[in-house]
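Heads up: the structure comes next, in structure tokens.
The values are calculated or read from the model by the stated rules, or taken from the named source; none is laboratory data. Source: prediction; values computed, not measured. A quick note on method: Cβ atoms are made from the backbone with ideal geometry, for glycine too, and the neighbour counts reach across all protein chains shown. We work out accessible area using only protein heavy atoms, side chains counted, and drop any ligands, DNA or RNA first. Shrake-Rupley method; radii C 1.70, N 1.55, O 1.52, S 1.80 Å.
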Amino acid sequence: MLIDYETLRTKATTVVMIPDHYRLEMEDNTPKGDEKYRSFIWEDPEKNDCKIEVVLDLEAGDLIRLDIDMEDKNTGNQDNSEEDAKAIADAFLMKHNPDHTAFTWVNIEERQNFRFITYREEVGGLPLPDTGCEITLDNSLNIIRYRSEQKTAPRPKWPDSIVDAKNVRQQVLSDLQMKLTMVTLYPSMYEMEGTKPEYRLVYEAIPAHRLIDAITGVDHFGIEHYLMPPSHPITPMERDNTSNLGGTLTLEESEKGKMPLNLDHPSEGLIKNIAAWELLLGIDPKLYMLEKSKDDDERIELLYKLKGKVGEGPEPEVLSVDAYMKRKWGDSLRKLESSFIIQIEKSTGRLARFFHWTEEEKETAATAPLTRKQCWEKAEQFLQHVFPDYTSYLQLEVNQENMDEELRDREFFYLPVYINNIPVNHERVMISVSTSTGKICSYIGVSYEEILERAERNFYPVLTPEKAFDRYNEHVSIQLKWFKDLDENSPVYRLLYEPTTTCQADALSGVDRNRELKYIDACSGELIWQKV
């Protein structure tokens, strides 16, 4: 039986103190289509970033979520102990979660002056994912975030027998290869000297993470699951000198790269550069107006909106989810309708990103959708204009599935970055093409400045893959964990082995530094630890 809304509203106001000047901006059932909760949002009418959100269960009225965004949450007493934080969180938990006695596994972390406390049910001393709750406290030990997990899988039993961890470790190592890759190391993410990012040539363990069934010893997903799709160099098509992107002017004819771009003081070169991109990308000034521009010192972002007003439609109820979203993000959403967004890298004048939202495709659709091959031809024509030397730095990712079996509105192409035949870690270009019109819908590029900087390094590996493997091998261990499998007809928990890398010296000394071995420097042999 559902609790009446008046009772839920009264209970929501007692979870935390709501300042008198805050106004109720939203009260509605969520999520739409599968309504399980009643959500309330109060906001400071003078400060858009200050709000309190409370979500209650419709049947029992239990607290499901709490979010408090207020000023000065990073200030306060930083000498509070872990015990003090846990005592406050425990009291909150006992008050608001009727199942709190089942949460016997507790983990406390401190990051960026916040305390993150996680409560879980456990079986065999191991936490069960998606059980219990998570609580966040600020410097002053105010609770600013609460998340209660809704348990959807039955509690598992510890298996009668499991495979030996030593055999699993040997299996993991036998399938592991050390692959060369170029990475950018950031001091905030890695243990390193200096305060500036560094380009490095490193060996990376592939695959580094796996999930192996503790009962059968078989990889739960199969080893291909952890590997990036293969890619191959691009054989260039005949160059298209009559661009159908909206004009015939290419970037080389503008003032590309001759001076820095600055929106505050637009030079003649910048104006020509932007005009060249507008012409090339088909942004007709008769149809579109420049709605907004932004300069973050690295990229210039331009938003073009279709001229004319977008229909408002009927007004939703004032406190509904739809009305709230319209008030908060209505302008932003309308700007995306029939609009263009382009980003230009300031240092090189290269196109960094491009998005085109349009409703014209259905009206102008071709009699037959374009094939994937035809869409790739459109994508490559686009690359010829926005990334003229694409064959020198990009490869084309191979699709593992039969892409012609299913009709799609868009075809997506992924192009990982390679420099001197060495992949650049997590760097790739993406292009999507409309199968109806052949138009480019989106383009996510990479920093051309960084590509040139990496190419100038002329890295040469000194360490062999075998030596790198030996150094990595010393830090590989195997741990057990519960994994919630969602692929079955109903969710179930499975006990799995997972490889991990830890610093043995830290383990022996009892120090938990929250770090894992990520890379081996291919030039110096240095172990590169990632902060976690």
Original post:
Among the residues of the stretch 98-117, is there at least one that is of a type in the set (Lys, Arg) and free of Cβ contacts under 8 Å to residues at least 60 places away in the same chain?
Top reply: yes
Subject >> Members of the stretch 465-483 found to be closer than 28 Å to Tyr418 by Cβ, touching a strand residue (DSSP E or B) at 6+ places or on another chain (Cβ under 9 Å) and open to solvent by 20 Å² or more (accessible area, probe 1.4 Å), listed by number >> reply: Pro465, Glu466, Lys467, Phe469, Arg471
Subject >> Out of Asp34, Asp90, Asp84, sole residue that is charged (D, E, K, R) and loosely packed, with under 11 Cβ neighbours inside 10 Å >> reply: Asp34
**OP:** Being in contact with an Asp or Glu (Cβ under 7 Å, 6 or more places away or on another chain), of a type in the set (Asp, Glu), open to solvent by 20 Å² or more (accessible area, probe 1.4 Å) and at pLDDT below 90 narrows it down to one of Asp79, Asp49, so name that one.
**Re:** Asp49
Original post:
Looking only at strands (runs of 3 or more DSSP E) that fall completely inside the stretch 59-153, which ones have 2 or more residues that are more than 30 Å from Asp4 (Cβ to Cβ)?
Top reply: 105-111, 114-120, 133-137
Original post:
Does the stretch 283-293 include one or more residues that are modelled with pLDDT under 80, open to solvent by less than 90 Å² (accessible area, probe 1.4 Å) and more than 30 Å from Asn421 (Cβ to Cβ)?
Top reply: no
**OP:** Residue by residue through the stretch 98-112, note down the ones that are within 26 Å of Asp57 (Cα to Cα) and not acidic (Asp, Glu).
**Re:** Pro98, His100, Thr101, Ala102, Phe103, Thr104, Trp105, Val106, Asn107
Subject >> Leading residue by the ranking (farthest from the chain's Cα centre (by Cα)) among those in the stretch 180-221 that are among the small types (Gly, Ala, Ser) and open to solvent by 50 Å² or more (accessible area, probe 1.4 Å) >> reply: Gly194
**OP:** Say whether the condition of being over 28 Å from Phe413 (Cα atoms) and modelled with pLDDT under 95 is met by at least one residue in the stretch 436-455.
**Re:** no
Subject >> Number of the condition not met by Asp57 [criteria: (1) acidic (Asp, Glu); (2) more than 28 Å from the chain's Cα centre (by Cα); (3) open to solvent by 70 Å² or more (accessible area, probe 1.4 Å)] >> reply: (3)
Subject >> When residues of the stretch 167-177 are limited to those that are open to solvent by 20 Å² or more (accessible area, probe 1.4 Å) and touching a residue at least 40 places away in the same chain (Cβ under 8 Å), the one farthest from Pro461 (Cα to Cα) >> reply: Asn167
**OP:** Scan the stretch 231-244 for residues that are surrounded by 11 or more Cβ atoms within 10 Å (Cβ to Cβ) and either modelled with pLDDT of 90 or more or in contact with a His (Cβ under 7 Å, 6 or more places away or on another chain) (or both) and report the count.
**Re:** 4
